[in-house]
1. Would you mind giving the average projected area, over all directions, of the Cα convex hull of region 82-323 in nm² with one decimal?
2. Name the trypsin sites (Lys or Arg not before Pro) in region 120-214 that are in a loop by DSSP and that have at most 12 other C-beta atoms within 10 Å, would you?
3. When the label point is put 7 Å from the Cα of Val405 along its Cα-to-beta-carbon vector, which residues of region 379-398 have a backbone N closer than 19 Å?
4. Note down the relative contact order for region 111-263 as a percent, whole number, built from C-alpha pairs under 8 angstrom at least six residues apart.
5. Across 5 Å bins from 0, what is the distribution of all Cα-Cα pair distances for region 487-547, in whole percents?
6. Mind sorting Met19, Met543 by how few other Cβ atoms lie within 10 Å of their own Cβ, fewest first?
7. Can you work out the Karplus-derived ³J(HN,Hα) for every residue in region 199-206? Use 6.51 cos²θ - 1.76 cosθ + 1.60 with θ = phi - 60°, whole Hz, and x for glycine or proline.
8. Could you state the angle between the C-alpha long axis of helix 65-77 and the longest principal axis of the C-alpha atoms of the chain, as a value from 0 to 90 degrees rounded to the nearest 10?
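Computed from the coordinates by the stated procedures, all read-outs in this text should not be read as laboratory data. Source: prediction; values computed, not measured. As a convention, Cβ positions derive from the backbone with ideal geometry for all residues, glycine included, and neighbour counts pool all protein chains shown.
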Amino acid sequence: MTFRLPPPPLAQKIDHTHMLHGKSRQDPYHWLRNQTYPKPVEDKAILDYLNQENSYTQAAFDGWEKDIETIFEEQKGRIKQDDSSPPYQDGEYWYYRRFEAGAQYPLICRKRGSLNAPEEVILDIPQLASGHEYFKVSTVSVSNNHRYVAYAIDINGSERFTLYFKDLTNPKATFSHIDNVMGNAIWSANDDYVFYAPIEETWRTEKVYRHALGGDPKKDVLVFHEKDRTFQLNIAETQDRSHVLIVSHGHEENEINLIPTTDPIAQPVCFRPRQNRVEYNLEHWGNNWAMVIHDDQHLNGRLVFINDKDTTRLEEEVLPHNENFYITGLLAFSKHLIIEGREAGLPVIYVMDPNRDIKKVPFKEAAYDVSLATNATYDTAILRVAYSSLATPTSVIDINLNTFVFDVKKVQEIPSGFNPSDYVVERHMAKSHDGVEVPISLVYKKGIKMPAPLLLYGYGSYGFSMPVSFKESRFSLIDRGVIYAIAHIRGGSEMSKKWYEDGKYLKKKNTFLDFISAAQYLIAEELTTKGKIGIWGGSAGGMLIGASINMAPDLFGAAIADVPFVDVMTTMLDTSLPLTEPELKEWGNPNDPKYYDYMLSYSPYDNVTDQTYPHLFVNAGLNDPRVTYWEPAKWVAKLRDVKTRTQDGHMLFLKTEMGMGHSGASGRFDYLKEIAQMQVFILKALGVDF
């Protein structure tokens with residue numbers, strides 16, 4: 001399908017050559033890189049080009065405004081505008097968030113003693129967000145005595161948060177704020193101190209500070225410094241709030257240092273020193289540390305207990321390694337230990353009681369998603385989870401850990417109406433290039449004519465498992481006869497930790513070949529046809545899109561790449577970028593000739609050729625610290641050069657959000673407008689009638 005389009009903007013080509021291992025790479029759009037990074041881009045030529053691309057994209061969308069508005073109104077009709085979350089108990093308070101009709105952001109509220117008590121708004125996010133194009137609150141952390149709240153705000157998508165404090169008993173109290181921090185904060189037991197991690201100029205988190213509440217941030221005390229540049233820092237706390245966890249993590253190993261919350265000025269104590277290709281996580285349960293260890297002999301993990309008074313860290317194995325059960329997390333309550341994991345590609349939850357008997361929480365559907373919701377209370381026998389499937393709206397459920405009785409606290413309401421029985425959910429297995437079977441989850445409306453247009457989503461990196469959860473926005477496509485499918489490709493962890501290992505380093509092409517094999521399978525099964533498949537992925541999933549359309553462009557009729565990581569070689573050789581050094585253990589180090597050749601063979605930007613590409617819509621964020629704006633901009637410029645010469649009438653759009661970052665719009669309606677634009681693009685490109 002071709003479209004009548006005005007002449008597109010063409011980026012200037014300036015000779016630039018990268019040399020390594022005696023080999024050259026031509027990079028004529030290297031000038032689009034911000035040469036003053038990490039400072040904001042000020043180069044007029046760069047900004048002019050991005051604005052020209054935005055104007056070109058907007059001109060096309062202006063012609064579709066009626067259809068975009070139709071989809072947007074449908075999306076709004078599926079969300080309850082005055083929605084609220086089920087309250088959860090923390091001490092004597094019940095906390096929840098609620099939206100007022102028409103508001104982009106929620107109010108954070110609480111009630112004291114009972115749900116019949118008067119409401120107290122502890123954070124008015126709509127008011128705070130007023131006047132900001134982008135506004136994100138990363139954490140709302142209430143102190144242990146429930147008097148104070150710490151919250152972190154990002155106003156431009158850069159992920160550089162400012163940490164604020166508020167006295168809920170005295171609105172006139174003032175506190176110094178702390179700029180340039182990661183978006184979370186941990187309180188000491190007596191609420192005198194807060195632990196936080198600043199973000200360095202290059203977006204690394206390598207230090208943890210202790211801040212005295214009400215004190216001068218310039219006097220904050222450095223408590224830990226991670227000097228290995230392949231590691232980053234995160235801070236957390238145990239469920240019983242007994243310890244601050246300072247987590248130094250790379251992509252294959254980690255180390256945890258502990259500070260007792262009752263002794264916040266104590267020096268951190270390393271629980272177990274880092275070891276090559278060994279990862280562990282901790283929970284404090286009773287008199288023991290519960291620890292899950294992943295290493296090369298136990299990829300899926302094993303659970304051990306260590307007495308919390310034993311400084312020798314002698315292990316008692318409680319749950320041995322199991323090839324069919326991948327342990328992904330722990331959560332401790334006073335009398336129960338929750339063990340999260342995956343079996344046969346689905347999330348599962350096991351519960352251990354004080355006698356160490358282990359039982360599996362039963363879920364009835366053949367394919368579903370379940371995740372832990374907010375569980376703020378330690379001394380309880382109730383676990384709160386969020387449950388859904390591709391055609392089942394989300395339910396928030398309290399599970400009695402003694403009886404396994406389910407108490408449904410809330411079912412997602414679809415005001416415009418939704419009947420799960422109108423849809424079919426299926427799970428397929430596609431044979432990949434090497435014979436490995438790759439799961440595909442899909443949903444479609446009953447009665448549609450096959451073969452049908454199909455949207456295939458994928459990610460396949462960092463071990464992230466794509467959930468088969470409910471997403472109401474998809475149904476504007478599904479109700480128009482589009483099949484929605486998710487390919488659970490290697491590089492994720494859907495099937496096991498090995499599933500992840502088999503999609504990284506020198507096996508990364510398995511990710512792309514799995515995805516292409518999934519598309520070929522769906523064609524062979526006559527669910528869809530060649531050229532009627534749209535594909536969608538973001539960030540590392542954008543690399544998947546770029547590689548797939550280079551390797552098998554004829555399969556796909558349309559593609560969306562959100563903030564795509566596509567200039568793999570240049571980025572992974574640029575150590576001034578925040579993620580390059582930590583991610584050498586995800587993609588490989590191109591300074592090694594073996595990795596250089598392999599990574600170059602799939603890098604989407606470096607493999608653009610004179611061939612017919614599908615219609616393509618690319619999103620970028622000017623303030624994105626994860627995938628810098630110039631990666632998608634360079635990629636589109638290179639594709640534009642090919643398309644201008646070979647593909648008149650094929651759509652290629654670049655939309656750069658000039659005041660946002662990696663996650664796009666922050667307000668709920670602004671986000672839905674973005675989704676509506678992308679869905680209209682898919683429908684137009686695949687020739688689906690409105």
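1. On the way: hull surface 63.4 nm².
Spelled out: convex hull of the Cα atoms, projected over all directions, averaged, 15.9 nm².
2. Values: sites: Lys136, Arg147, Arg160, Lys166, Lys172, Arg204, Lys207, Arg210; in loops: Arg147, Arg160, Lys172, Arg204.
Passing sites in region 120-214 are Lys172.
3. Under cut-off, by backbone N: 380-385, 396-398.
4. Details: 317 pairs, mean separation 19.9, N = 153.
With pairs under 8 Å counted, the relative contact order is 13 percent.
5. 4, 19, 25, 24, 16, 10, 2
6. Numbers: Met19 8, Met543 30.
By the 10 Å Cβ count, ascending: Met19, Met543.
7. Along region 199-206, the couplings run 9, 6, 4, 8, 6, 7, 10, 10 Hz.
8. The angle comes out at about 20 degrees.
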